[in-house]
Every structure is written in structure tokens, then in C-alpha cells.
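Before any comments, here is the structure.
The values are calculated or read from the model by the stated rules, or taken from the named source; none is laboratory data. This is a predicted model, so every value here is computed, not measured. No Cβ is skipped: glycine too gets one built from the backbone with ideal geometry, and neighbour counts run over all protein chains shown. Surface areas here come from the heavy atoms of the whole protein model, side chains and all, with no ligands, DNA or RNA. Shrake-Rupley method; radii C 1.70, N 1.55, O 1.52, S 1.80 Å.
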Amino acid sequence: MQKYETLLLMSPELGSEARQELLDTVSGIIDRDGGKVLVVDDWGIRDLAYPVQKVMRGYYTRLEYALPGEAVAELERNIRIADGIFKFMTVKLAETYEPEGE
């Protein structure tokens with residue numbers, strides 16, 4: 001498994017329940033594909049440098065997770081088709097991930 005980080009830019013018009021539902025869906029995909037969510041970092045609503053879908057504010061959430069490399073494409077495909085996520089960016093943090101305590 002490799003360690004990744006994905007930054008999600010979600011619509012500020014989503015309620016907290018809808019945001020949590022999106023995050024649960026993404027986390028579920030990671031778990032289903034044999035990965036593990038390590039950190040969910042909620043940044044909150046921030047001003048954007050330029051309009052995205054005619055909106056000047058967005059809700060940011062950073063996910064850090066371990067996942068096999070071939071499963072990242074499936075995760076990104078699901079993020080692309082999800083309603084409420086404007087943009088995302090995935091970055092590989094480490095070539096290998098070793099869980100602590102094993």
C-alpha cells in the first residue's frame with residue numbers, strides 16, 4: 001500500500017449532513033478497496049482565489065489515507081461524479097505505508 005493525500009473542495013451550500021455523507025462515501029470506497037483512512041482534516045469554508053462554478057467560497061477537507069496504487073483511479077472516478085465536490089487533488093505522500101504497531 002502507498003500513502004496518499006486528497007484535498008476536496010466542496011460546495012459551501014452543502015449542509016453539514018450532506019458534507020459528512022460525501023466524506024462517508026469517499027471513506028467507504030477507500031475501505032472497500034482495501035485501504036485505510038488515516039486522517040480527516042476539516043479546514044472549513046475559505047475564500048477562493050478565483051470563481052469555481054460561479055462561487056467565490058468553498059469548503060475544504062483533507063483526507064490522508066493508505067491505499068493500493070491501482071485503486072486510486074477508482075477513487076478519483078467516484079469523486080469526479082459526486083455532486084457537491086467542485087475540485088480535488090490527490091498527491092502521493094509515500095511509496096510504502098507500514099501501519100504502526102505491526
* To do: Might you check whether a residue that is surrounded by 13 or more Cβ atoms within 10 Å (Cβ to Cβ), in contact with a Ser or Thr (Cβ under 6 Å, 6 or more places away or on another chain) and either farther than 13 Å from L7 by Cα or at pLDDT below 95 (or both) occurs anywhere in the stretch 31-47?
  => yes
* **Output for the stretch 82-102, where each listed residue is open to solvent by 40 Å² or more (accessible area, probe 1.4 Å), of a type in the set (A, V, I, L, M) and modelled with pLDDT under 95** => L93
* **Qualifying residue in the stretch 21-39 (condition: charged (D, E, K, R), over 24 Å from P99 (Cβ atoms) and in contact (Cβ under 8 Å) with a residue 40 or more places away in the chain)** => no
* Asked: Would you call Q20 touching a helix residue (DSSP H, G or I) at 6+ places or on another chain (Cβ under 6 Å) and open to solvent by 30 Å² or more (accessible area, probe 1.4 Å)?
  -> no
* Asked: From the list G84, G15, which residue is in contact (Cβ under 8 Å) with a residue 60 or more places away in the chain and farther than 18 Å from M1 by Cα?
  -> G84
* Applying the selection to the stretch 1-17, what residues are over 12 Å from the mean Cα position of the chain (by Cα) and open to solvent by less than 20 Å² (accessible area, probe 1.4 Å)? -> S11
* Taking the stretch 57-68 as the region of interest, how many residues are at pLDDT below 95 and open to solvent by 10 Å² or more (accessible area, probe 1.4 Å)? -> 1
